[in-house]
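So the structure is just underneath, and the comments pick up after that.
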Amino acid sequence: MKTLLFSTLCLVLAVPCLAQDVDDPATKDDIILLFRTMHSHDMVQKVLAVQSQAMRQMFQEQLDKGKTASADSSARLQKIMDQFIKDMPIDEMTEAMIPAYRKHFTHGDIETMNAFYSSPVGQKVIQELPEVTQEGLQAMMPLLYKYLNDWKGKMQRELQLETNPTNTQKAPPANN
């Protein structure tokens with residue numbers, strides 16, 4: 001009887017310890033391990049490199065339109081963008097994200113994410129995600145520009161009606 005009682009008591013006390021990994025809040029160390037597993041520093045640098053290329057292209061187009069740029073403007077622009085990426089405080093930015101992860105994820109969640117990102121598929125996601133994101137954004141941009149153009153026309157018509165309520169004529173449709 002004492003053995004049964006002792007065994008039951010041990011089991012009752014052990015259950016919270018077993019469940020602890022799932023419901024406990026994630027620790028800073030849990031999240032730092034996740035960031036390392038995800039190669040977050042490298043991933044941020046890859047995303048920045050892709051984005052800076054798009055920014056370079058946009059700035060170059062602006063310089064070309066203005067026709068006021070000197071011959072070495074492209075080289076200077078490249079140097080400025082490279083320095084921008086080099087000086088980006090990635091470690092500090094990563095550190096600033098830890099409280100948000102702790103708020104939204106448990107210790108068990110972080111362990112599960114670590115298991116996924118440690119797997120071959122997880123590593124492939126990490127490797128391919130910056131390019132997938134860039135390609136997706138490029139495919140999405142014409143749709144976004146069309147939506148914004150339509151929305152701009154709608155807002156202009158609404159503002160026109162608001163500033164001239166006696167005008168009962170219909171405003172022309174938005175450019176499609």
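The values are calculated or read from the model by the stated rules, or taken from the named source; none is laboratory data. Computed from a prediction, not measured in an experiment: that's the story for all the values here. Glycine gets a Cβ as well: all are built from the backbone with ideal geometry, and neighbour counts include every protein chain shown.
Does at least one position in segment 152-161 carry a residue that is part of a helix (DSSP H, G or I), surrounded by fewer than 14 Cβ atoms within 10 Å (Cβ to Cβ), modelled with pLDDT of 90 or more and under 20 Å from the mean Cα position of the chain (by Cα)? The answer is no; no qualifying residue exists.
Selection of first residues in segment 134-147 that are closer than 13 Å to VAL50 by Cα and of second residues that are surrounded by 11 or more Cβ atoms within 10 Å (Cβ to Cβ), restricted to Cβ pairs under 6 Å at least 6 apart or on distinct chains, gives the following pairs, ordered by first then second residue: GLN134/VAL50. Scan segment 86-107 and tell me whether some residue there is touching a Leu at 6+ places or on another chain (Cβ under 9 Å), part of a helix (DSSP H, G or I) and either modelled with pLDDT under 90 or on the phi > 0 side of the Ramachandran plot (or both). Checked against the condition, which is being touching a Leu at 6+ places or on another chain (Cβ under 9 Å), part of a helix (DSSP H, G or I) and either modelled with pLDDT under 90 or on the phi > 0 side of the Ramachandran plot (or both), segment 86-107 yields at least one hit. If we scan segment 72-86, do we find a residue that is closer than 21 Å to ARG36 by Cα and either among the hydroxyl-bearing types (Ser, Thr, Tyr) or out of contact with any Pro (no Cβ under 8 Å at 6 or more places or on another chain) (or both)? Looking for residues that are closer than 21 Å to ARG36 by Cα and either among the hydroxyl-bearing types (Ser, Thr, Tyr) or out of contact with any Pro (no Cβ under 8 Å at 6 or more places or on another chain) (or both), one finds at least one in segment 72-86, hence yes. On the stretch given as segment 108-139, residues that are at pLDDT below 90 and farther than 14 Å from HIS39 by Cα total 9.
Checking each residue in segment 34-46 for being exposed (fewer than 15 other Cβ atoms within 10 Å of the Cβ) and in contact (Cβ under 8 Å) with a residue 40 or more places away in the chain picks out only HIS41.
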